[in-house]
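What follows is a single structure, written as structure tokens, with notes after it.
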Amino acid sequence: QVSLVESGGGLVQAGDSLRISCTSSGGPFYSFAIGWFRQAPGKEREFVAATSWSGDLIEYTESVKGRFTISRDNPKNTVYLQMTSLKPEDTAVYFCAADRGGHGGSNYYQYDLWGQGTQVAVSS
């Protein structure tokens, strides 16, 4: 059974950087599109970033452009989200998700496999 596990979350100060990871227990991971979503307390889950199976197609939500970078290492079955210049409004539980059909994108319903999430908290 394939599963996704996020790691690397924590408490940081505004302006700091943090890298979170999403690792798959199985595959074929190289064929999955992967997205990162986040959910802050009392808010709906929102799209953050996504990468196609090859890493050639990448998109970000406007609020993180220039600050966050999504990348993938297929031999390691891992996708990363490098976050810089963090702001208190980035505080949320971050989830990674896989679209095993390979399409990806910003719509959460496109994804059929989800991790449990990792907490990122940014203090001011």
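If packing is taken as the average count of other Cβ atoms within 10 Å, what order do 109-115, 94-100 fall into, highest mean first? If you can, show how the numbers build up before the last one.
Working: 109-115: 15.6, 94-100: 23.1.
With the highest mean Cβ count within 10 Å placed first, the list reads 94-100, 109-115.
Counting each pair of different Cα atoms once, what's the Kirkwood radius of the stretch 27-99 in Å, rounded to one decimal?
On the way: mean 1/r = 0.0790 Å⁻¹.
Averaging 1/r across every pair of different Cα atoms and inverting gives 12.7 Å.
Which of Leu86, Leu57, Leu18 moves most in a GNM of the chain, Cα contacts under 10 Å?
Leu57
Mind checking the dipole of the chain: about its Cα centre, +1 per Lys or Arg Cβ, -1 per Asp or Glu Cβ, Debye to the nearest 20?
On the way: 10 positive and 12 negative charges, 33 e Å.
Result for the chain is approximately 160 debye, rounded to the nearest 20.
How do the peptides 71-78, 49-56 rank, highest first, by the average count of neighbouring beta carbon atoms within 10 Å per residue? Let's see the in-between values first.
Values: 71-78: 15.4, 49-56: 18.4.
Going from most to least packed, we get 49-56, 71-78.
Can you give the extra length, in nm with one decimal, that the chain gains between Leu57 and Gln13 once fully stretched, where that is 0.36 nm per residue apart less the Cα-Cα distance?
Details: separation 44, 0.36 × 44 = 15.84 nm, distance 3.09 nm.
Extra length from Leu57 to Gln13 when fully extended: 12.8 nm.
With a 1.4 Å probe and every protein chain left in place, work out the accessible area per residue of the stretch 1-117 in Å², rounded to a whole number.
On the way: 5990 Å² over 117 residues.
So the stretch 1-117 comes to 51 Å² accessible per residue, rounded to a whole number.
May I ask you to derive the FRET efficiency for His103 and Gln82 from their Cβ-Cβ distance with R0 = 22 Å, giving the value to the nearest 0.05? Let's see the in-between values first.
Details: r = 24 Å, r/R0 = 1.07.
After rounding to 0.05, the efficiency reads 0.40.
Quick one: what Rg and Dmax do you get for the chain from the alpha carbons, in Å?
Taking only Cα atoms of the chain, I get Rg and Dmax of 13.3, 41 Å.
Once phi is turned into θ = phi - 60°, what whole-Hz ³J(HN,Hα) does the Karplus curve with 6.51, -1.76 and 1.60 give for every residue of the stretch 86-100, x standing for Gly and Pro?
Here the 3J(HN,Hα) series is 5, 10, x, 6, 7, 4, 4, 8, 9, 10, 9, 9, 10, 9, 5 Hz.
In whole Hz, with x marking every Gly and Pro, tabulate ³J(HN,Hα) for the stretch 16-23 from phi via Karplus 6.51 cos²θ - 1.76 cosθ + 1.60, θ = phi - 60°.
Going residue by residue, I get 6, 10, 7, 10, 10, 10, 9, 10 Hz, with x marking Gly and Pro.
Using a 1.4 Å probe on the protein heavy atoms, what percent of the accessible area of the chain belongs to carbon and sulfur?
That share works out to 47 percent.
The values are calculated or read from the model by the stated rules, or taken from the named source; none is laboratory data. Since the model is a prediction, treat every value here as computed from it, not as a measurement. Note that we place each Cβ from the backbone using ideal geometry, even for glycine, and neighbour counts take in every protein chain shown. Surface accessibility is based on the protein's heavy atoms, side chains included, excluding ligands, DNA and RNA. Shrake-Rupley method; radii C 1.70, N 1.55, O 1.52, S 1.80 Å.
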